[in-house]
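The values are calculated or read from the model by the stated rules, or taken from the named source; none is laboratory data. Because the structure is a prediction, the values reported are computed rather than measured. Note that we place each Cβ from the backbone using ideal geometry, even for glycine, and neighbour counts take in every protein chain shown.
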Amino acid sequence: MKVNKIPIEQVILRRLKKETHSYLSGQTLSNAFGLSRTAIWKHIHAIKDMGYDIEASPARGYRLNIENLPFNKIEISSNLKTSFIGRDIAFYKEIDSTNDTAKEFAAKGAEEGAVTVADCQKKGKGRLSRRWESPAGVNIYTSIILRPNISPMFAPQLTLVSAVAVAETVAKFLNTGSGYKPEPTVKWPNDILINSKKTAGILTEMNSEMDRINFVVIGIGVNVNMTKKMFPEELRQIATSLKEETGRDISRIDFIQTLYLNMERWYKEYIKNGFEPVRKAWTDYFNMRGKMVKVQQLNSVIEGIAIGIDNYGALLLKGKDGKVARILSGDVTV
Ligand code: BT5
């Protein structure tokens with residue numbers, strides 16, 4: 001049998017989490033774990049170094065502040081309700097790109113649902129090697145490994161599956177407390193907007209044979225508690241965060257756990273029932289229908305009225321001549 005040895009700090013942490021309204025004395029902890037009070041004191045220091053806020057009173061003992069838990073692997077895993085997404089987590093304080101690391105893990109055989117998460121990315125990337133702003137301490141940067149048994153030609157649908165899961169998650173955290181609740185919208189193919197400003201982006205990368213997918217990595221970046229001044233000047237008018245839109249600080253732990261749960265639910269739905277339910281849900285978040293849009297492609301620009309998406313996930317544009325064009329990639333502006 002495989003025995004997982006849990007580090008003593010994690011066990012002490014669990015005990016502290018059960019007792020957040022009163023202090024736990026050093027003696028109680030020392031009796032509970034059969035360690036000297038000095039040893040307990042050292043472990044408490046190690047826990048503090050992990051970013052936990054522990055009040056230590058010489059007379060009363062220790063108390064953990066659960067309002068201010070750090071964003072780390074222990075907290076993301078604790079009470080996670082998914083069955084496979086996020087069951088295997090590689091967490092980094094800082095990394096170049098969670099997508100690149102996830103691709104390395106996937107190439108070495110990581111299982112479906114394994115994720116990489118970082119507090120900060122040094123080379124966070126968007127499509128076509130564009131930069132994704134990834135400051136520390138405020139946002140979500142995560143990549144999910146999937147191994148769908150579908151033809152590679154359908155892989156772009158997974159960006160739309162993810163967009164629905166992200167939009168649903170964002171919607172859940174948009175309460176402002178004042179009765180006003182903005183609704184997220186999706187912009188084809190990979191943006192989630194609030195009040196027309198980008199708050200999340202998705203980068204789907206694939207490794208496949210001609211007729212078989214080896215793996216897909218879904219990279220998701222969400223601006224959660226990022227403030228306006230943290231954005232570079234050129235993004236301040238076109239990008240936003242949940243905090244900017246609600247005026248509230250949002251727990252990244254709650255957010256990412258909900259995100260994994262929604263991702264898992266929509267992915268299962270897609271694998272079981274195909275793209276149609278996703279197409280419907282995505283269309284409900286799509287507010288560009290009927291609008292004149294411009295699509296910048298690698299070497300050309302196409303204009304037309306956005307009609308929606310077809311059952312492959314392609315954007316449908318009705319041109320002046322009445323003909324409908326299917327757009328497979330590009331950047332859309334209204
Ligand atoms: C995207 O690309 O929107 C995909 C972003 C995916 C980021 C995640 S984070 C976890 C994982 N690891 C990675 O390295 N990437 C993924 P695209 O549609 O090409 O949009 C990129 C453009 O969005 C940039 O050129 C900027 O204009 C804008 N942008 C950059 N950072 C932003 C941010 N934090 N918030 C909003 N807009 C941003």
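Observations on the structure shown:
- The number of residues in the stretch 280-306 being surrounded by 15 or more Cβ atoms within 10 Å (Cβ to Cβ) and more than 16 Å from Ala163 (Cα to Cα) comes to 6.
- Meets criteria (surrounded by 18 or more Cβ atoms within 10 Å (Cβ to Cβ) and within 22 Å of Gly201 (Cα to Cα)) for Ala110: no
- Boolean, Gln237 is in contact with a strand residue (DSSP E or B) (Cβ under 6 Å, 6 or more places away or on another chain) and surrounded by fewer than 16 Cβ atoms within 10 Å (Cβ to Cβ): no
- Scope the stretch 222-238; condition touching a helix residue (DSSP H, G or I) at 6+ places or on another chain (Cβ under 9 Å) and either closer than 14 Å to Asn190 by Cβ or of a type in the set (Asp, Glu) (or both); matching residues: Val222
- Taking residues in the stretch 109-134 that are farther than 9 Å from Thr98 by Cα, and partners anywhere that are at pLDDT below 95 and of a type in the set (A, V, I, L, M, F, W, C), the pairs with Cβ atoms closer than 9 Å and at least 6 places apart or on different chains are Leu128/Leu298.
- The requirement of being at pLDDT 95 or above and more than 18 Å from Asn223 (Cα to Cα) is not satisfied by Glu168.
- Failed item in (1) under 18 Å from the mean Cα position of the chain (by Cα); (2) within 12 Å of the ligand (Cβ to nearest atom); (3) among the charged types (D, E, K, R), with Glu234 passing the rest: (1)
- Ser129 being modelled with pLDDT under 95 and over 24 Å from Asn68 (Cα atoms): yes
- Once the stretch 56-85 is narrowed to residues that are crowded, with 17+ Cβ neighbours inside 10 Å and of a type in the set (A, V, I, L, M), the residue that is nearest to Glu264 (Cα to Cα) is Ile85.
- Matching option when the condition is at negative phi, within 12 Å of the ligand (Cβ to nearest atom) and aliphatic (A, V, I, L, M), among Ala163, Ala167, Ala106, Ala114: Ala163
- Any hit, the stretch 203-225, residues being within 16 Å of the ligand (Cβ to nearest atom), surrounded by fewer than 21 Cβ atoms within 10 Å (Cβ to Cβ), at negative phi and aromatic (Phe, Trp, Tyr): no
- Residue check, Glu75 under 28 Å from the mean Cα position of the chain (by Cα) and over 30 Å from Val217 (Cα atoms): no
- Counting only residues that are within 13 Å of the ligand (Cβ to nearest atom) and in the same structural domain as Arg14 (by TED's automatic domain parsing), the stretch 59-103 holds 0 of them.
- Some residue of the stretch 50-67 being more than 30 Å from Thr116 (Cβ to Cβ) and among the aromatic types (Phe, Trp, Tyr): yes
- Residue in the stretch 128-140 that is assigned by TED's automatic domain parsing to the domain that holds Glu234, within 13 Å of the ligand (Cβ to nearest atom) and at positive phi present: yes
- Checked against (1) within 28 Å of Val138 (Cα to Cα); (2) charged (D, E, K, R); (3) assigned to a loop (DSSP other than H, G, I, E, B), Arg63 meets all criteria but (3).
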